[in-house]
Amino acid sequence: MSENIGMEVAVNRDHYFGACPQCGGSDGYLNVRKSHWFFCDTHRTRWWAGSGLFSSWHDENDGIWASNAERLDDYREIEPLQFTPEPELYDGSDEIEPPNWMTGISQGASGISGAVGPDGGDDSEIPF
(Lines give C-alpha, C1' and ligand atoms only; values in the text may rest on other atoms or scores of the structure.)
Protein backbone atom coordinates (compact mmCIF):
# COMPACT_ATOMS: atom_id res chain seq x y z
CA MET A 1 0.00 0.00 0.00
CA SER A 2 1.35 3.43 -0.92
CA GLU A 3 2.23 5.90 1.80
CA ASN A 4 1.43 8.82 -0.55
CA ILE A 5 -2.34 8.36 -0.45
CA GLY A 6 -3.94 11.70 0.30
CA MET A 7 -0.64 13.57 -0.06
CA GLU A 8 -0.18 16.10 -2.84
CA VAL A 9 2.89 15.44 -4.97
CA ALA A 10 4.77 18.55 -6.09
CA VAL A 11 5.20 18.97 -9.85
CA ASN A 12 7.53 21.44 -11.54
CA ARG A 13 6.09 22.66 -14.85
CA ASP A 14 7.77 26.10 -14.88
CA HIS A 15 11.52 25.75 -14.35
CA TYR A 16 13.41 23.66 -16.90
CA PHE A 17 16.63 23.60 -14.86
CA GLY A 18 14.90 22.47 -11.67
CA ALA A 19 13.06 24.05 -8.79
CA CYS A 20 13.20 24.23 -5.01
CA PRO A 21 11.50 21.09 -3.72
CA GLN A 22 9.94 23.04 -0.84
CA CYS A 23 8.13 25.70 -2.87
CA GLY A 24 8.54 24.68 -6.52
CA GLY A 25 10.16 28.02 -7.30
CA SER A 26 13.46 29.40 -8.52
CA ASP A 27 14.98 32.84 -8.15
CA GLY A 28 17.26 32.42 -11.15
CA TYR A 29 20.90 31.45 -11.39
CA LEU A 30 24.34 32.78 -10.62
CA ASN A 31 27.61 31.83 -12.25
CA VAL A 32 30.69 30.78 -10.33
CA ARG A 33 33.21 30.74 -13.15
CA LYS A 34 31.49 28.65 -15.83
CA SER A 35 29.34 26.67 -13.35
CA HIS A 36 25.67 27.66 -13.17
CA TRP A 37 23.88 27.53 -9.81
CA PHE A 38 20.11 28.03 -9.53
CA PHE A 39 18.73 29.05 -6.15
CA CYS A 40 15.72 29.78 -3.97
CA ASP A 41 16.21 32.74 -1.62
CA THR A 42 13.16 31.88 0.47
CA HIS A 43 14.40 28.41 1.45
CA ARG A 44 18.10 29.18 1.02
CA THR A 45 18.63 26.26 -1.32
CA ARG A 46 20.87 25.94 -4.38
CA TRP A 47 21.34 23.35 -7.10
CA TRP A 48 23.90 22.91 -9.83
CA ALA A 49 22.53 22.99 -13.38
CA GLY A 50 25.73 22.41 -15.28
CA SER A 51 28.82 24.08 -16.60
CA GLY A 52 29.26 26.19 -19.72
CA LEU A 53 25.58 25.99 -20.67
CA PHE A 54 24.97 29.73 -20.74
CA SER A 55 27.32 32.27 -22.27
CA SER A 56 26.71 34.85 -19.51
CA TRP A 57 29.75 33.65 -17.56
CA HIS A 58 31.99 35.03 -20.36
CA ASP A 59 30.84 38.56 -19.47
CA GLU A 60 31.77 38.21 -15.80
CA ASN A 61 35.06 38.31 -13.90
CA ASP A 62 36.73 36.94 -10.76
CA GLY A 63 35.12 39.64 -8.60
CA ILE A 64 31.59 38.76 -9.70
CA TRP A 65 32.25 35.03 -9.31
CA ALA A 66 33.64 35.55 -5.80
CA SER A 67 30.57 37.62 -4.86
CA ASN A 68 28.22 34.97 -6.29
CA ALA A 69 30.04 32.17 -4.46
CA GLU A 70 29.89 34.13 -1.20
CA ARG A 71 26.15 34.77 -1.62
CA LEU A 72 25.41 31.06 -2.18
CA ASP A 73 27.95 29.73 0.34
CA ASP A 74 25.47 29.21 3.19
CA TYR A 75 22.65 28.00 0.94
CA ARG A 76 21.94 24.28 1.30
CA GLU A 77 22.78 22.25 -1.82
CA ILE A 78 19.76 20.13 -2.74
CA GLU A 79 18.44 17.79 -5.42
CA PRO A 80 16.03 19.99 -7.36
CA LEU A 81 12.46 19.20 -8.23
CA GLN A 82 12.80 18.09 -11.84
CA PHE A 83 10.92 19.71 -14.70
CA THR A 84 7.88 17.75 -15.90
CA PRO A 85 6.24 18.87 -19.15
CA GLU A 86 2.50 19.32 -19.41
CA PRO A 87 0.85 15.98 -20.26
CA GLU A 88 -0.53 17.30 -23.55
CA LEU A 89 3.01 18.27 -24.63
CA TYR A 90 4.37 14.75 -24.16
CA ASP A 91 2.30 11.62 -24.58
CA GLY A 92 4.91 9.21 -23.20
CA SER A 93 5.49 7.37 -26.45
CA ASP A 94 8.97 6.83 -27.80
CA GLU A 95 7.80 7.21 -31.39
CA ILE A 96 8.96 10.38 -33.09
CA GLU A 97 7.14 11.37 -36.23
CA PRO A 98 9.24 13.24 -38.79
CA PRO A 99 8.04 16.77 -39.51
CA ASN A 100 6.09 17.32 -42.74
CA TRP A 101 8.99 19.03 -44.48
CA MET A 102 10.99 15.76 -44.29
CA THR A 103 8.38 13.62 -46.01
CA GLY A 104 9.80 12.05 -49.13
CA ILE A 105 13.42 12.94 -48.43
CA SER A 106 15.59 9.89 -49.02
CA GLN A 107 18.98 11.42 -49.77
CA GLY A 108 19.85 12.21 -46.14
CA ALA A 109 21.39 15.59 -45.36
CA SER A 110 22.24 16.24 -49.00
CA GLY A 111 18.54 16.09 -49.86
CA ILE A 112 17.75 19.12 -47.72
CA SER A 113 20.87 21.21 -48.28
CA GLY A 114 19.08 23.40 -50.81
CA ALA A 115 16.30 24.18 -48.31
CA VAL A 116 18.49 25.21 -45.37
CA GLY A 117 21.94 25.61 -46.88
CA PRO A 118 24.04 28.74 -47.00
CA ASP A 119 22.67 29.71 -50.43
CA GLY A 120 20.71 32.67 -49.14
CA GLY A 121 17.62 30.76 -47.98
CA ASP A 122 15.33 32.33 -45.41
CA ASP A 123 16.44 31.26 -41.88
CA SER A 124 12.86 31.58 -40.65
CA GLU A 125 12.01 28.42 -42.59
CA ILE A 126 14.46 26.25 -40.61
CA PRO A 127 12.19 23.97 -38.56
CA PHE A 128 14.15 24.16 -35.29
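The values are calculated or read from the model by the stated rules, or taken from the named source; none is laboratory data. These numbers come from a predicted model, not from an experiment.
Across the stretch 51-61, a minimum of one residue is classified as modelled with pLDDT of 60 or more, outside any helix (DSSP H, G or I) and hydrophobic (A, V, I, L, M, F, W, C). All conditions but one from (1) in a loop (DSSP other than H, G, I, E, B); (2) modelled with pLDDT of 85 or more apply to residue 9; the one that does not is (2).
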